[in-house]
Each structure stands twice: as structure tokens, then as C-alpha cells.
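The structure appears below as C-alpha cells.
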Amino acid sequence: MFEILFGQPCTIARYRSAPLLEERLLYLSHCECLGIKIETLRKIAFHQLDLVHILDLHDNDSSNLAKIENAFRRWSSPTERKSRPHARRRFFGHAERWMRFMGWLKESGARCHSRTREVAVFATRMASERGWADTTIDDCCRAVDSFFVWLDERGVDLSSAGISFFDQFIAHCHARGVSRSTTYLYAQRLRWFVRFAEQQGWCRPGLADGIMPPRRYPGEAIPKGLNRDEVTRLLATAEGHHPHDIRARAILMLLITYGLRAGEVSGLQLGDLDWQQEMLRVRCPKPGRTHLYPLSPDVGQAILRYLREVRPAHPERTLFLTMKAPIRPLSRGVIKGIVFTRLNDLGIKGKRRGPHALRHAAAQHLLDQGLSMKAVGDYLGHRSTAATAIYAKVNLNTLREVAEINLEGLL
């Protein structure tokens, strides 16, 4: 490996004589299999060697995980080093990924609780028997995990928990500033799990029927989407030649043009692009259908540039991949982060700043162009016009027409 990365014999000998040779070569081989470029592999090898010297790691240190983790966390503090932030983040990223690959670092932020097995059984059964989408299962398990973490902090087991604990958890969510609609979803997902737990005998019977979500009023909120000027400014942030900008532009074009959900963009495959017929196939996990869209020339050019210049050479068929090892499909969270970060840098406040804000903007733009509710709903993949009707409340042209009606004879 080092003979491929370096040309000088003295440099090769220095890398081979350093501690943890086997561990360093194992990770470099893993990165090479993922399609990482030679230039990046050379940087990873350099950072590995630097980290070995900084932390004073030796071949027998792999057994002392606590020592390695404490030393790494202490070294990674910005106050310990004088370097530019960008170089520090890149160094830290390469070092942390290598150490996690070797199992020398614990996963940070992992929320463990005493009922992980039951949640895993619930997820498996919902996928196999109910046919739930992966996103639905993930969202449901996340809400259930939060409840069990909260329950463990109070020393209460599920088998002895009464309905009062569920009410307290729902009140706890609302007190943290969670909106009423989100709290409603938490309660609904918790009720799904508890009903399954009753069937398995994990808890008292009748608890699911007692979980009362807060009242929700359909159509009470006005969608806080972006206007066309803000959408244009957002797209302008991805006009550069940096690989991240090229990938971000392809993603933003899909979100803006077709009003796709983040999960629909992350689920796109290379085979979903029909270049001869100029069609785009989108699998919609929420309604459970597949939609066909005409491939816009601007969207096609943005995707082609990403495929030719940026996308890593990897056997994975998913369209959008990560830039660094380990190469894997881009998650919904990363797509949300791309939109949120760029809107935040533009100083746009007081509105939704995720991919769904672009979906709202697309719906509003189509309505402003005079399309019917049915046409807009079909374009966005809504199952009924009730989901589209909320946008009529912010159709300014329609509201002006209502305001100009002469009601003098009715008063």
C-alpha cells in the first residue's frame, strides 16, 4: 500500500516502521475498496502517522480503549492545538473515522436503554408483517427510544408503568418546546408500540387505549415556505466548482423543481434516470407509489455534472453518495443539513429551513401559476386534495379576490 502512495524509499520505510502498522494498513485497504482516491488515501496515511505520534500509541495500546479514547478526546479540543479550523476539522475527521473503524472509540450520543431488544423486535415485526417503510419504522423507534430513556432515568420498568407515566412523557415533550403536531406524532407512535407490547405481554393491558395525544386541528397552521427570491438565493449558493457545491446543486434542483421529500431524493438510484426518454422515476415511500416526472434539462445537466466530476467510483447504485470514507448512500439527515446550513448562512430566519420548505415553495409556486388543487396534488404525490388545500390559505391572488367582494348588501 505505501509503495503505491509514496515514491521515496525513505518515506516508505518511515511509514512501515511506525507503530500500529497492521491497523493502519487494514483501514487504508478498507478505504481503497470503497473507491477513495489516491490523493485522499495519502492524506489519511499522513494523519494516521501523525496521530500515532501525537497520542504516543503503540502496538499493545489497542487493548486499553479507555486510554485511547480519553487521549483522543483531550487532544481533539481546539485549545490544545494551534491550526486553521479547516485543517483541524479534516484531521479530526480522518483520525476519528479510523479509530471508530478499529473499535477504539465508543459511539458518541448513543441513547441506550433497557428495552433495546423489544424495540428491535417491534421494528422487525412491523417491517415483515405490516410492510411499514423504513422511514416510518425509524421515526417510530426514535420516539419509543426517547420514551424508554426518559423512563429509565426515573427507574421505572415498562411492566410496572401506569398510564400516568405516558401522560407525563407527553407533557415533558410539550414542555421542551415541541409543537403540538409533533407531540401528537410522538403519542401516536408510542401508542403503536404499546399496543404491540400488550400483545406480547410486556406491559399492562389497556395502556394503548389510554394514551391520549394532544388535540390537533387540521389546517390550523400556515405553511412557512420560502418565496421565489429566497429559493433563487439558495440555489445561487451552489454555483461554485467545489465538489460539495456540485453535489448540493443537483440535490437542490431536484427539491426545488419537483418538490420531492428528502427521503425520495436519498432513495434515488442510478437506474431511475432514463436519459433516452428523459424521464425520472421517483419512489415515494410515504404514499407507497412510484411517480414518473419529465427530466428537466437543467436538472439533468446538474445531475450529469455530479456524476462525471464528483460522484465516487463505487459499485453502490444509489445516486447520491458521501464524499469521504466510508462511502455510503446519502441519508435524509445529510440532505436536510445541506438545505438548513445554506439557508442559515443566508440569514433566513422565522421559517422552516429544511427540504420540506422547498416542497412548500414548489406547491405555492404552482398554485400561483393557476394550476388546480388536483393538478398540484398529483404533482406532489398527495393522496387527497385535503393535503394540498392548506396552500390555498396563502394564495394571495385568491385572498385579494375575496377581499374585493362587495358585501354591502349582506350586512
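The values are calculated or read from the model by the stated rules, or taken from the named source; none is laboratory data. The structure displayed is predicted, hence computed values, not measured ones. All Cβ positions, glycine included, derive from the backbone under ideal geometry; neighbour counts span all protein chains shown.
Counting only helices (runs of 4 or more DSSP H) that fall entirely inside the range 176-243 and contain at least 1 residues that are modelled with pLDDT of 90 or more and of a type in the set (Phe, Trp, Tyr), the qualifying elements are 180-200.
If you check Val299 against the conditions, is it within 20 Å of the chain's Cα centre (by Cα), at pLDDT 90 or above and hydrophobic (A, V, I, L, M, F, W, C)? No; evaluated as a whole, the condition is false for this residue.
Scanning the range 305-329 for residues that are surrounded by 13 or more Cβ atoms within 10 Å (Cβ to Cβ) and under 15 Å from Ala238 (Cβ atoms) yields a count of 5.
Surrounded by 13 or more Cβ atoms within 10 Å (Cβ to Cβ), modelled with pLDDT of 90 or more and either out of contact with any Ser or Thr (no Cβ under 9 Å at 6 or more places or on another chain) or aromatic (Phe, Trp, Tyr) (or both): does that describe Leu273? Against the criterion (surrounded by 13 or more Cβ atoms within 10 Å (Cβ to Cβ), modelled with pLDDT of 90 or more and either out of contact with any Ser or Thr (no Cβ under 9 Å at 6 or more places or on another chain) or aromatic (Phe, Trp, Tyr) (or both)), Leu273 qualifies. For the range 314-352, the set of residues classified as under 23 Å from Leu280 (Cβ atoms) and of a type in the set (A, V, I, L, M) consists of Leu319, Leu321, Leu330, Val334, Ile335, Ile338, Val339, listed by residue number.
Looking across the range 280-328, the residues that are of a type outside the set (Val, Ile, Thr) and touching a Phe, Trp or Tyr at 6+ places or on another chain (Cβ under 7 Å) come down to Leu280, Tyr293.
Kindly indicate the residue of the range 16-34 that is in a helix (DSSP H, G or I) and more than 37 Å from the chain's Cα centre (by Cα) and also surrounded by the most Cβ atoms within 10 Å (Cβ to Cβ) among those meeting that condition. Residue satisfying both the conditions and the ranking: Arg16. Report whether or not Ala127 is in a helix (DSSP H, G or I), surrounded by 12 or more Cβ atoms within 10 Å (Cβ to Cβ), small (Gly, Ala, Ser) and free of Cβ contacts under 8 Å to residues at least 60 places away in the same chain. For Ala127, the condition - in a helix (DSSP H, G or I), surrounded by 12 or more Cβ atoms within 10 Å (Cβ to Cβ), small (Gly, Ala, Ser) and free of Cβ contacts under 8 Å to residues at least 60 places away in the same chain - is met. Just to be sure, is Ala248 more than 30 Å from Ser179 (Cα to Cα), in contact (Cβ under 8 Å) with a residue 12 or more places away in the chain, surrounded by 20 or more Cβ atoms within 10 Å (Cβ to Cβ) and of a type in the set (Gly, Ala, Ser)? Criteria not met by Ala248.
In summary, Tyr258 fulfils each of the numbered conditions (1) in contact with a strand residue (DSSP E or B) (Cβ under 8 Å, 6 or more places away or on another chain); (2) at pLDDT below 85 with the single exception of condition (2).
Filtering Leu343, Leu321 for residues that are touching a Pro at 6+ places or on another chain (Cβ under 8 Å) and at pLDDT 85 or above leaves a single hit, Leu321.
Scanning the range 12-47 for residues that are farther than 24 Å from Leu321 by Cα and of a type outside the set (A, V, I, L, M, F, W, C) turns up Arg14, Tyr15, Arg16, Ser17, Pro19, Glu22, Glu23, Arg24. Is it the case that Arg180 is outside the structural domain of Tyr27 (by TED's automatic domain parsing) and more than 22 Å from Gly263 (Cα to Cα)? When the stated conditions are applied, Arg180 passes them.
Remark: pairs (first residue in the range 17-45, assigned by TED's automatic domain parsing to the domain that holds Glu96 and of a type in the set (Val, Ile, Thr); second residue surrounded by 15 or more Cβ atoms within 10 Å (Cβ to Cβ) and part of a helix (DSSP H, G or I); Cβ separation under 6 Å; 6+ apart in sequence or on different chains) = Ile44/His94.
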